[in-house]
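Only one structure is covered here, and it is reproduced in the block below.
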Amino acid sequence: EGRSLVRPVGEDAFGVHDTIRDFFASVLTPSERQGLSRFAIEQLRQLASRARGAGNYVASVDDLSNALELAESDEERAGLCEALGDAIERIGDLPRTLAAYRETERASATPEGVARLRRKAASALQVRGEMAAAREEIEAGFAALGDVRSVERGWLDLAEEDGVQLCLTLVG
């Protein structure tokens, strides 16, 4: 602590200087890294969940960002990116929210996954009054679903209806 290599963060956690983190990352074998990264990702997800539950979305963003650095697979990366986008949306950073959702979309191969991300992006845009861009996201979500029967179609319909209601409220 005296040399700022480890610093207290809150009451029961510590932050580690990047130099220490980089050193340990460089001496791990690939199998050690894989095993430890799974453990660390799960711990960081739990910390992010607790932070989100306490309304501390900045801490949640930090935890998920750290977990994302450790992700090995596209599936793991996609799940973390989506959760990160959700947390960033809660702190009101629209550009980073949309970027996180786009990154998730690149790793998500399912039509439902793409539609869900487009719906979330549309919702974030609607809240900020970006109705034309939100409409484009909703249409892209419907296009991603194509003929697939999915609950996401209902969520997209609801997002579209919410956008119309919000627009009428803003105009009226």
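The values are calculated or read from the model by the stated rules, or taken from the named source; none is laboratory data. Remember, predicted model here, so these are calculated numbers, not experimental data. Backbone-built Cβ (ideal geometry, glycine too); neighbour counts: all protein chains shown.
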Specify which of the listed residues (38, 90, 33, 52) is modelled with pLDDT of 90 or more and surrounded by fewer than 19 Cβ atoms within 10 Å (Cβ to Cβ). 90
Yes/no for residue 82 being part of a helix (DSSP H, G or I) and either out of contact with any strand residue (DSSP E or B) (no Cβ under 9 Å at 6 or more places or on another chain) or surrounded by 17 or more Cβ atoms within 10 Å (Cβ to Cβ) (or both): yes
Mind checking which residues of region 53-91 are under 10 Å from the mean Cα position of the chain (by Cα) and among the hydrophobic types (A, V, I, L, M, F, W, C)? 61, 64, 68, 78, 80, 81, 83, 84, 87, 88
